[in-house]
Amino acid sequence: MPITDPLEEEVAEETRPPHAGPVPQVVAALVALAVGVAGAIGSFGLGLGELTHPGPGLWPFAISIVIAVLSLTLVVTGRGLQDAERFSKATLLTAAGLVTLILLAALLPLIGFEIPSLLLVCVWLRWLGKESWRSSIVISIVTVAAFYLLFVLLLQVPLPRLI
Amino acid sequence: MDISPILDGFGIVLEPSNLIYCLIGVIVGMLIGVLPGLGPGATIAILLPITYGIGPVSAIIMLAGIFYGAQYGGTITSVLLRLPGEASSVVTVFDGFALARKGKAGTALGIAAIGSFIGGTVSILGLTLLAPIVAGFALDFGPPEYAALGVLGVLLISSIGNGNKLKAIIAAAVGLLIATVGRDTFTGAERFTFGSLNLAEGIDFIPIAMGLFGLSEILYNLEERHNQVHAPAKVGNVWPSRKDLGQAKGAIGRGSLIGFLLGVLPGGGATLSSLAAYAFEKRRAKQPERFGKGAVEGVAAPETANNAAATSSFIPLLTLGIPANATMALIFGALLIQGIQPGPQLVTEHPDVFWGVINSMYIGNILLLIMSIPMVGVFVKILRVRPAILAPITVLITLLGAYTVRNQVYDIFLVIGFGLLGYLMKKLGFEPGPLVLAFVLGPMIENSSRQSLLIFGGDPTGFFTRPISGTVLALVLVVALWPLISKAVRRKPAPVPAGPPADPPVEPPVEEKTP
Amino acid sequence: MPTSRTTPRRVLMGVVGAAAALALTACGGVKTTSSGGGEGKYPTGNIEFSVGASAGGSTDLITRALAQGMSKELGVSTPVLNKPGANGALNAKELQSAKADGYKIAVQNASLFTITPLTVSPEEATKIDSFDVITGISRDDYVMATNSQSGFTSIGDMKKSGKTIRYGTTGVGTGAQLASALTFKSAGIDATAVPFDGGAPALTALLGNQVDVSTMQIGEAIENIKAGKLVPLAVFSDKRIDYLPDVKTAKEQGFDVLVTQYRFLTAPKGTPEDVKARLLDAAKKTFATDEYKKFNEQNSLTPMEVSPQEVLTALQQDTAKYKKQLDEFGISLAG
């Protein structure tokens, strides 16, 4: 029976931008291969023991080998797969978003959560979300106030904070 | 069986003050469940001092209410924001979030509420009638049985996704590898900790799940939103239709049973049950490809199962004195504070507590269902908020929530790291589900099989000669070879074109109507 | 939006920098839960109790019981913070570098200082010199038990059976493992350790007859002992335990195995004397309350409310003794 729900098809079509071609596929498989090889070397160093009396490294070693072998298969067979997406200029937005997250985590223990959170929400609204200045400022202040109320006053979570 | 203590138990629960404590517990639990990171364990710890002042029965009724309220709260974030709060609701994310994106969040949440109610109630009935018998069953599961179950679980993981199978298995293997980080339980050797004390106890589930599911989705959408104007998901309906219910009926029934049975096993039962229920439904479905794209059964099965399992996890605590998970350990602690030692003598020494707790669950489940009906409408409205506004708020909940797990900034960095990994995986066609689930099951397989080998004195044939582990391993073989078996069966009646094999048509084919 | 790409970032940097500078100069620090440090007599603000274990374990419950009592005595609030990781070493490391002003304190386990150093590298081991001990708290003793179906009633019975004993422990580097390993070695019993992740799975395995014996904390096993499902074989204290008066100590049975877990209240090194005295006073008053005594009984804990000096002596003696015995018997706790 074919899927006839129009919404369903729409979503399926809409969310997948042009596929990326063979290079990212191969790179991804090579990264996985590297993880497998590194894991195998690391766990070999831990000591494998015997099959009947396993050492600390045996199980991670076995998994690493599985990862390495499967990744190698993927390097060879996965070139033609079309399930990866191209990275584009818009990827920079994701990178910018990621930077704001790291800044929040770095500043949190130094100056408390209020100012970094306020800035994060504001930056996401104004530049990543293209909201107006007014709504960006209002929403970010309200959000941080609500978090303060919830985490600090109601739940008494020991978040680092100024007030 | 003497039923008067059971009826007395109902009398206790129906006292107005206890009803109020039950209600408070369920509401608090639901709110806590919505906040990722701050789980029921932490909340119960905060509320422990309050329980000094109220009687033991009321205290436990309230704490139990928090526990299963949080279960449902976790479902809400899994469906709406792709943020599973616990390992047992990871599976719900697949179809729950897909339904939400199709504007059918109400359907998903409604089905989950009904499934949870039925699963919970079936499980309490089981608890009432069978507790001592199934408790013995739980004890028959030793390390070899857990090892076999873990292997079965990982095998099921590889069948749940829709994407490339090879990539799914690689992701699962990476999850198993990540799970080995930390101090080895058997030798104390530091594995992949790079000298960091933060890694010595391994990586917590919460940062991984929040990063790979919740945060990666937001990072991905950041880029998506730029590509096209992304209208907020249309909120089609706020309650499942009769058709949805009909479709979910079988899944709820089977999920209740699977959840009740596996939930009795202390350690990992709830996660396994949600996974098994989902995989089972997918396997017996006429169109397995609907799963992961918003199949109603894909929400009904795991949600029913994890709630049934949450309820039956009280069995080891109340009848054997074994806390099945961290939350149960706290409820154990709360009982101790009240001067009550949970254990084999609880039912004879404190029948009021034993039956009071069990019967409060009937009431708690009904309260939860009644409350969730209007709540679904409210929560679904969250999706009407523009993604541009919802995104930063979700990010903040995620990051600050991660901090609350261990009160360490380090965990925020972990979430960000896994968020990045999840984003890259999504871009490159890897699904996060297998990784997260394998991460949860990995220690179960490794530790249990190493314990088994010590018990067997190094002889691995023991895995096959013990009746339960042997049976489970046989099941593993059947599942692993199923594609071959079904192909062989299908090939025999060659003249019949595309005849439905092995799987008997129990359910009438589901009609999908165009709205 | 190519033109606007550089501007927001520059703005952001400026704003963040300015805000950070402002915040740091204006307030000179960040609050978490310990909010003291103002003028006046100690304590003027919240005292944070950190726990190096998850909520629900014995250390957590003891900390919460103590914190609650001390809060009443000191008239300030005493939030409890769970910082699990590396058997408590993570929390210990944070505490030792915290300001020594009495606003951050912690209940710590003896095993972190006596047994853990035997399993990890010297630089990783936590040292008691980094802390000021305020008072001893309580002892949490171990019991070795067997399933009632095994027929054993003493350590000697296991030796007589002549079979290889498989024993469950609560993990590598725990007192349970040390006590059982020493017992089996000194009794000359052939035995294999099966480590579990904590007391609950070790108890489950024993109840299900998956292992022959398990060593656990008394509080974990006592209900099943009372119900007759488990038979206690030995305790590892110097004298018999009040909660299990009929159970012989290992010493009584002829084996020199003395292993206990105990806990004590610590503050960072260099905490002022008057602050320590105030904390000790509050702790003592808490110990004397009926509520706290009842808590000890319910959790099968034996009070060990001794002076800091006695705690330090006990730690030193235990460390030396464990090391000597392990060397003597050639036991390695790591696997």
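Among the residues making up the range B:315-349, those that are among the polar types (S, T, N, Q) and either part of a helix (DSSP H, G or I) or within 19 Å of the chain's Cα centre (by Cα) (or both) are B:319, B:325, B:327, B:348. Against the numbered list (1) modelled with pLDDT of 90 or more; (2) surrounded by fewer than 24 Cβ atoms within 10 Å (Cβ to Cβ); (3) out of contact with any Gly (no Cβ under 9 Å at 6 or more places or on another chain), residue B:261 comes up short only at (3).
Of a type in the set (Val, Ile, Thr), within 20 Å of residue C:261 (Cα to Cα) and within 11 Å of chain B (Cβ to nearest Cβ): is that true of residue C:222 in this structure? Criteria met by residue C:222. If the condition is being modelled with pLDDT of 90 or more and either closer than 20 Å to residue C:47 by Cβ or of a type in the set (Asp, Glu) (or both), then the range C:110-130 contributes C:129, C:130. Can you tell me which condition residue C:181 does not meet? The list is (1) in a loop (DSSP other than H, G, I, E, B); (2) aliphatic (A, V, I, L, M); (3) touching a residue at least 60 places away in the same chain (Cβ under 8 Å), and all the others hold. (1) is the only condition that residue C:181 fails. Entry remark, the range B:49-76: residues being within 14 Å of chain C (Cβ to nearest Cβ) and surrounded by fewer than 24 Cβ atoms within 10 Å (Cβ to Cβ) number 6 in total.
Among helices (runs of 4 or more DSSP H) entirely within the range C:62-163, having at least 2 residues that are of a type outside the set (Phe, Trp, Tyr), within 14 Å of chain B (Cβ to nearest Cβ) and surrounded by fewer than 20 Cβ atoms within 10 Å (Cβ to Cβ) singles out C:89-96. Hey, among the residues in the range A:24-46 that are within 18 Å of residue A:86 (Cβ to Cβ) and crowded, with 21+ Cβ neighbours inside 10 Å, which one's nearest to the other protein chains (Cβ to nearest Cβ)? Filtering the range A:24-46 for residues that are within 18 Å of residue A:86 (Cβ to Cβ) and crowded, with 21+ Cβ neighbours inside 10 Å, the one nearest to the other protein chains (Cβ to nearest Cβ) comes out as A:28. Filtering B:424, B:437 for residues that are surrounded by fewer than 24 Cβ atoms within 10 Å (Cβ to Cβ) and either at negative phi or at pLDDT below 95 (or both) leaves a single hit, B:424.
Yes/no per residue for (1) touching a His at 6+ places or on another chain (Cβ under 6 Å); (2) surrounded by fewer than 18 Cβ atoms within 10 Å (Cβ to Cβ); (3) in the same structural domain as residue A:101 (by TED's automatic domain parsing):
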site: A:130; (1), (2), (3): no, yes, yes
site: A:133; (1), (2), (3): no, yes, yes
site: A:137; (1), (2), (3): no, yes, yes
site: A:140; (1), (2), (3): no, no, yes
site: A:146; (1), (2), (3): no, yes, yes
site: A:149; (1), (2), (3): no, yes, yes
site: A:160; (1), (2), (3): no, no, no
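Residues satisfying the criterion are absent from the range B:392-404 (criterion: facing chain A (nearest Cβ under 9 Å), surrounded by 23 or more Cβ atoms within 10 Å (Cβ to Cβ) and in a loop (DSSP other than H, G, I, E, B)). Listed conditions (1) more than 22 Å from the chain's Cα centre (by Cα); (2) more than 14 Å from chain B (Cβ to nearest Cβ) are all met by residue C:317, apart from (1). Pairs linking a residue in the range A:54-76 that is more than 9 Å from every other protein chain (Cβ to nearest Cβ) to a residue that is among the β-branched types (Val, Ile, Thr) and assigned to a helix (DSSP H, G or I), with Cβ atoms under 9 Å and 6 or more positions apart or on different chains, are A:68/A:35; A:68/A:37; A:75/A:26. Selection over the range C:313-335 of residues that are farther than 11 Å from residue C:182 by Cα, buried (at least 17 other Cβ atoms within 10 Å of the Cβ) and assigned by TED's automatic domain parsing to the domain that holds residue C:133 gives a count of 4.
The set of residues from the range A:139-163 being in a helix (DSSP H, G or I) and within 11 Å of chain B (Cβ to nearest Cβ) comprises A:139, A:140, A:142, A:143, A:144, A:146, A:147, A:148, A:150, A:151, A:152, A:154.
Let's see how each residue does on (1) touching a Leu at 6+ places or on another chain (Cβ under 6 Å); (2) hydrophobic (A, V, I, L, M, F, W, C); (3) over 30 Å from residue B:102 (Cα atoms):
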{"residue": "A:21", "(1), (2), (3)": "no, no, no"}
{"residue": "A:25", "(1), (2), (3)": "yes, no, no"}
{"residue": "A:54", "(1), (2), (3)": "no, no, yes"}
{"residue": "A:65", "(1), (2), (3)": "no, yes, yes"}
{"residue": "A:90", "(1), (2), (3)": "no, yes, no"}
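From the list C:205, C:176, C:200, the one residue that fits, being buried (at least 19 other Cβ atoms within 10 Å of the Cβ), more than 9 Å from every other protein chain (Cβ to nearest Cβ) and assigned to a helix (DSSP H, G or I), is C:176. Pick out the one residue from A:21, A:80, A:97, A:112 that is in contact (Cβ under 8 Å) with a residue 24 or more places away in the chain and buried (at least 22 other Cβ atoms within 10 Å of the Cβ). None of the others qualify; the one that does is A:97.
Residue A:107 meets the conditions (1) in a helix (DSSP H, G or I); (2) buried (at least 22 other Cβ atoms within 10 Å of the Cβ); (3) facing chain B (nearest Cβ under 8 Å) in every case but one. The failed one is (3). Taking (1) within 13 Å of chain B (Cβ to nearest Cβ); (2) under 18 Å from the mean Cα position of the chain (by Cα) in turn, residue C:294 satisfies each apart from (2). Within the range C:242-260, the set of residues being modelled with pLDDT of 95 or more and assigned to a strand (DSSP E or B) comprises just one member, C:249. Just one of the listed residues (C:319, C:271, C:313, C:266) is β-branched (Val, Ile, Thr) and in a loop (DSSP other than H, G, I, E, B), and it is C:271. Taken over the range B:275-302, the criterion of being assigned to a loop (DSSP other than H, G, I, E, B) and aliphatic (A, V, I, L, M) is satisfied by B:285, B:295. The set of residues in the range C:306-323 that are under 16 Å from residue C:177 (Cα atoms) and not polar (S, T, N, Q) comprises C:318, C:321, C:322, C:323.
Summed over the range B:368-422, the residues that are under 18 Å from residue B:33 (Cβ atoms) and among the β-branched types (Val, Ile, Thr) give a count of 12.
Once the range B:405-441 is narrowed to residues that are touching a Ser or Thr at 6+ places or on another chain (Cβ under 7 Å) and within 30 Å of residue B:142 (Cβ to Cβ), the residue that is farthest from the other protein chains (Cβ to nearest Cβ) is B:440. Residues in the range C:180-194 include at least one that is under 30 Å from residue B:141 (Cα atoms), within 25 Å of the chain's Cα centre (by Cα) and within 12 Å of another protein chain (Cβ to nearest Cβ). Applying the condition of being within 27 Å of the chain's Cα centre (by Cα), modelled with pLDDT of 80 or more and of a type in the set (Gly, Ala, Ser) to the range B:4-44 and asking which residue is surrounded by the most Cβ atoms within 10 Å (Cβ to Cβ) yields B:25.
The values are calculated or read from the model by the stated rules, or taken from the named source; none is laboratory data. Computed from a predicted model, the values in this text were never measured in an experiment. With ideal geometry, Cβ positions are generated from the backbone for all residues, glycine too; neighbour counts draw on all protein chains shown.
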